[in-house]
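K.L.:
Before anything else, here's the structure in question.
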Amino acid sequence: MLALVVDDSRAMRAILSRVLGGLGYETVQAGDGQAALDVLAAGPLPDVALVDWNMPVMDGLAFVTAVRDNPAWRSITLMMVTTESEQSQIVRALAAGAHEYLIKPFTPEAIAEKLELLGVLPLGAAS
Amino acid sequence: MSLPVALVGEPELASIVDAAWTCALGVDDLPRQGPPVTGAGEWLRAGVGIHGAWDGVVTLECTRTAAVGATSSMLALSPEAICDADVHDALGELANVVGGGVKSLMPEHHRLTLPVVEPTTGVSTTSYDDLVARLDLTWRGEPVVVTVARTSPPAGSEPGRPTARRTAGEPVS
């Protein structure tokens, strides 16, 4: 399975990619929402995208909205991974089309549990 | 708002730092409480502003040696393979996660700025008049200082609008 990691921090992209790699994903990365849209347009489509909220150029909420506006990208499972922890922000993200929401700091176990709940954990991955 | 002194004391800040370190560097590599830091030398300071009913800044300061070590671990690269931008990015992300933890304790809507990272010549947060909490820590034998302090509201800021991640320059608030 392929996962897209969208975060403006290279270090956070590395951490998330390492966790996802341990779960059996191949990963691609993007440093902001617009760069992530470019990745999707170039293909192949990821099965899941982990998306930060606060990023320059295009933030995570705008990215989620753009993905949901494109029927060709409807199959992508979207999970916000962000320091935004207020209930109102979580509601906004879910209303925009995010399937799940994970607050930083996270643990690898929390990521695995969320992905398992979403049904996008690679076969054989232990949560 | 007079504020989160009751919400964000040193025990709460220590829990937040532990969680951030666990996320970024693993549960077996946590900082420990250390002696008060007064040293000078080659340091880095990463700060994120919190703005809303209460205005403040969360600051993470450490020696360059500690910052390079953290960056190396976060990127899983040797210290020789990382550049200054990597170090600023990694330290900024650590400050961002700690700042998010502090913001999560606020009872009302607040926004977090993107991190600002800059080189300094020693720990500097002792100059804050409105210090809310301070942790003097030791990580891999290097001093690390984490503070939460009250600041003035940002002048002419546009709420909720992040700008590009900066690596140096003016303070966050």
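K.L.:
Within region B:57-102, count every residue that is facing chain A (nearest Cβ under 7 Å) and charged (D, E, K, R).
P.N.:
3
K.L.:
Further question on the same structure: Could you look through region B:115-133, keep only residues that are at pLDDT below 90 and of a type in the set (Val, Ile, Thr), and pick out the one that is surrounded by the most Cβ atoms within 10 Å (Cβ to Cβ)?
P.N.:
So, considering only residues that are at pLDDT below 90 and of a type in the set (Val, Ile, Thr), the one surrounded by the most Cβ atoms within 10 Å (Cβ to Cβ) is B:VAL123.
K.L.:
Also, quick follow-up: Here are some conditions: (1) at pLDDT 95 or above; (2) open to solvent by 20 Å² or more (accessible area, probe 1.4 Å); (3) among the small types (Gly, Ala, Ser). A:SER88 meets all but one. Which one does it not meet?
P.N.:
Result: A:SER88 fails condition (1) only.
K.L.:
Tally up the residues in region B:76-114 that are in contact (Cβ under 8 Å) with a residue 60 or more places away in the chain, under 10 Å from the mean Cα position of the chain (by Cα) and either more than 15 Å from A:ASP7 (Cβ to Cβ) or open to solvent by 20 Å² or more (accessible area, probe 1.4 Å) (or both), please.
P.N.:
Total satisfying the criteria: 1.
K.L.:
Could you check B:ALA53 against (1) within 17 Å of the chain's Cα centre (by Cα); (2) open to solvent by 10 Å² or more (accessible area, probe 1.4 Å); (3) more than 29 Å from A:GLY21 (Cβ to Cβ) and say which number it fails?
P.N.:
(1)
K.L.:
(1) surrounded by 12 or more Cβ atoms within 10 Å (Cβ to Cβ); (2) within 14 Å of chain A (Cβ to nearest Cβ); (3) farther than 20 Å from B:GLY99 by Cα: which one isn't true of B:GLY34, the others all being true?
P.N.:
If we test B:GLY34 against (1) surrounded by 12 or more Cβ atoms within 10 Å (Cβ to Cβ); (2) within 14 Å of chain A (Cβ to nearest Cβ); (3) farther than 20 Å from B:GLY99 by Cα, just (2) comes out false.
K.L.:
Looking only at region B:58-91, which residues are in contact with a Ser or Thr (Cβ under 9 Å, 6 or more places away or on another chain) and within 13 Å of B:VAL145 (Cβ to Cβ)?
P.N.:
Answer for region B:58-91, where residues must be in contact with a Ser or Thr (Cβ under 9 Å, 6 or more places away or on another chain) and within 13 Å of B:VAL145 (Cβ to Cβ): B:VAL58, B:THR59, B:LEU60, B:GLU61, B:LEU91.
K.L.:
Further question on the same structure: Go through region A:91-117 and give me each residue that's open to solvent by 20 Å² or more (accessible area, probe 1.4 Å) and hydroxyl-bearing (Ser, Thr, Tyr). Break it down stepwise before answering.
P.N.:
Let us first name the residues in region A:91-117 that are open to solvent by 20 Å² or more (accessible area, probe 1.4 Å), namely A:91-92, A:94-96, A:99-100, A:103, A:105, A:107-110, A:113-114, A:116-117.
Of everything in region A:91-117, just one residue is open to solvent by 20 Å² or more (accessible area, probe 1.4 Å) and hydroxyl-bearing (Ser, Thr, Tyr), namely A:THR107.
The values are calculated or read from the model by the stated rules, or taken from the named source; none is laboratory data. Since this is a predicted model, take the numbers as computed values, not measurements. With ideal geometry, Cβ positions are generated from the backbone for all residues, glycine too; neighbour counts draw on all protein chains shown. For accessibility, only protein heavy atoms count, side chains too; no ligands or nucleic acids. Shrake-Rupley method; radii C 1.70, N 1.55, O 1.52, S 1.80 Å.
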